[in-house]
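Q: Got a structure for you, written out below as structure tokens; questions coming shortly.
The values are calculated or read from the model by the stated rules, or taken from the named source; none is laboratory data. Predicted, not measured: the structure shown is a model, and the values here were computed from it. Cβ sites come from the backbone with ideal geometry, for glycine too, and all protein chains shown count toward neighbours.
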Amino acid sequence: MGKIKVSVIGASGYGGAEAVRLLTMHPQVEIVHVTAESQQGQGMSVLYPNLRGFVDQTMIAVDPERIGRDSEVTLVSLPSGKAMDLVPTLLHQGSKVIDIAADFRLRDAALYPTWYKVTHTAPEYLAEAVYGLPEIYRKDLKKTRLVANPGCYPAASLLALLPLLRAGVVQTTGIVIDAKSGVSGAGRGGGGGFGFAETNEDVRAYSVTGHNHIAEIEQECSVLAKSPVRLNFTPHLIPMTRGILATAYAPLKMQMSEAEAVALYQETYRGEPFIRVLTDVLPRTKATLGSNYCDVSVKIDARTSTAIAIAAIDNLGRGAAGQAVQNLNLMCGLPETTGLHFPGIFP
């Protein structure tokens, strides 16, 4: 069996470059093309010196017809609103597609002008796109040709809440998610006050009540709860490069002990290769750095009848590129952990 030919569109950004890094370690993948917009013509290893000797290809301009013909799978890592113009051609040329951005995550095209300020140009593909969280959609991911990779905040938030919502033990209103992210979440061209001098020694909330990931989180929480979910989500920027810590507060429907809640999480995530349910310590971002793992824990505040669920991921790993490679494995019939079975970096 030959290696799977894979291309990465948007390889100059942090998410795309992390996908390239992970794919270089994948024993069943051959990287065919890496593309960039502003950095086309630049050597991949010049822009990302950690890849020197591994990926020395020159980044080319985006040519979806050529890339679609040459690639069995294409990972698209572009700013939201750009993949929707490329994906139909890639699919038509025979390539499977994993969109790392948001262009196919929402099932209702009417939501895109509200949350992403764009009109969807390929709404006919929304119904076939599978949301790329294996803990919910593993069977569908094995059969699809188009994956909508989860956002970084939604990945952490959903994995924190999944056992509670699926079991129906928490309310579908009154859930609050407080999440904190490193600055790489803004992308390589982040700007807008995300530089070192403005981020160091500082913590700030942003996009309060209006972050575009809210629609995605509510959509998938509603699937899990089998009932509409409305929640409050507030993201914060903190002075570190990578990582997300999401703390979710969910009002209980019924009395539940902490031991029962922990047992629920252990049973729900039994056999999940990239979920670690912690019982003696709490999740911390440093423990997942550079990996595809998600560490979760749950506590019960009996005084307020609230379940407090905490998840830690690497926003460029399980929150983007690592998740994309996991989905690639599922789409191509490979063991799910192929190319991803390694620990994070510590300290």
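Q: Cβ-Cβ distance below 8 Å, separation of 6 or more or different chains: which pairs start in segment 224-235 with a residue that is in contact (Cβ under 8 Å) with a residue 60 or more places away in the chain and end on one that is loosely packed, with under 14 Cβ neighbours inside 10 Å and of a type in the set (Val, Ile, Thr)?
A: What qualifies is Val229/Thr173.
Q: Further, regarding this structure: Determine if segment 101-113 includes at least one residue that is closer than 30 Å to Glu260 by Cβ and either surrounded by fewer than 22 Cβ atoms within 10 Å (Cβ to Cβ) or of a type outside the set (Asp, Glu) (or both). Steps first, answer last, please.
A: From segment 101-113, those closer than 30 Å to Glu260 by Cβ are none; that's our starting set.
There is no residue in segment 101-113 that is closer than 30 Å to Glu260 by Cβ and either surrounded by fewer than 22 Cβ atoms within 10 Å (Cβ to Cβ) or of a type outside the set (Asp, Glu) (or both).
Q: Name, by its number, the condition in (1) at positive phi; (2) surrounded by fewer than 17 Cβ atoms within 10 Å (Cβ to Cβ) that does not hold for Lys253.
A: (1)
Q: Answer yes if at least one residue in segment 280-287 is without any contact (Cβ under 8 Å) to a residue 40 or more places away in the chain, within 26 Å of Gln171 (Cβ to Cβ), out of contact with any strand residue (DSSP E or B) (no Cβ under 9 Å at 6 or more places or on another chain) and surrounded by fewer than 19 Cβ atoms within 10 Å (Cβ to Cβ), and no otherwise.
A: no
Q: Further question on the same structure: Please pick out the residue among Ser80, Ser38 that is of a type outside the set (Val, Ile, Thr), surrounded by fewer than 15 Cβ atoms within 10 Å (Cβ to Cβ), in contact (Cβ under 8 Å) with a residue 12 or more places away in the chain and not in a helix (DSSP H, G or I).
A: Selected residue: Ser38, the only one of Ser80, Ser38 that is of a type outside the set (Val, Ile, Thr), surrounded by fewer than 15 Cβ atoms within 10 Å (Cβ to Cβ), in contact (Cβ under 8 Å) with a residue 12 or more places away in the chain and not in a helix (DSSP H, G or I).
Q: For segment 274-292, how many residues meet the condition of being in a helix (DSSP H, G or I) and either at pLDDT below 95 or of a type in the set (S, T, N, Q) (or both)?
A: Qualifying residue count, segment 274-292: 2.
Q: A follow-up question, please. Which members of segment 256-267 meet the condition of being crowded, with 19+ Cβ neighbours inside 10 Å and assigned to a helix (DSSP H, G or I)? Step through it out loud before you land on a result.
A: Residues of segment 256-267 crowded, with 19+ Cβ neighbours inside 10 Å: 256, 261, 264-265.
Of everything in segment 256-267, those that are crowded, with 19+ Cβ neighbours inside 10 Å and assigned to a helix (DSSP H, G or I) turn out to be Ala261, Leu264, Tyr265.
Q: Look through Leu75, Leu106, Leu133, Leu164 and report the one residue that is in the same structural domain as Val183 (by TED's automatic domain parsing), closer than 30 Å to Gly271 by Cα and either at pLDDT 95 or above or polar (S, T, N, Q) (or both). Even if it seems obvious, please write down each step before you answer.
A: Working: Leu75 fails: in the same structural domain as Val183 (by TED's automatic domain parsing); Leu106 fails: in the same structural domain as Val183 (by TED's automatic domain parsing); Leu133 fails: in the same structural domain as Val183 (by TED's automatic domain parsing).
The match here is Leu164.
Q: Tell me which of these Met254 doesn't satisfy, since it passes every other one: (1) at pLDDT below 95; (2) outside the structural domain of Arg188 (by TED's automatic domain parsing).
A: Unmet condition: (2).
Q: Select from segment 146-198 the residues that are basic (Lys, Arg) and under 21 Å from Asn315 (Cα atoms) and write down the one among them that is surrounded by the fewest Cβ atoms within 10 Å (Cβ to Cβ).
A: Arg188
Q: Scanning segment 195-248 for residues that are part of a strand (DSSP E or B) and farther than 15 Å from Val176 by Cα, which turns out modelled with the highest pLDDT? Working first, answer last.
A: Of segment 195-248, the ones part of a strand (DSSP E or B) are 204-205, 231-237, 244-248.
Subset that is farther than 15 Å from Val176 by Cα: 204, 237, 244.
On the way: Arg204: 94, Leu237: 95, Ile244: 98.
Per the criteria, the residue is Ile244.
Q: Out of all the residues in segment 129-172, which are more than 19 Å from the chain's Cα centre (by Cα) and not in a helix (DSSP H, G or I)? So that I can check it myself, show each step before the final result.
A: Filtering segment 129-172 for residues more than 19 Å from the chain's Cα centre (by Cα) gives 143, 164-172.
Scanning segment 129-172 gives Lys143, Gly168, Val169, Val170, Gln171, Thr172.
To keep it simple, each residue is scored yes or no on (1) in a strand (DSSP E or B); (2) aliphatic (A, V, I, L, M); (3) buried (at least 19 other Cβ atoms within 10 Å of the Cβ).
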| residue | (1), (2), (3) |
| --- | --- |
| Glu272 | no, no, no |
| Ala312 | yes, yes, yes |
| Asn315 | no, no, yes |
| Gly319 | no, no, yes |
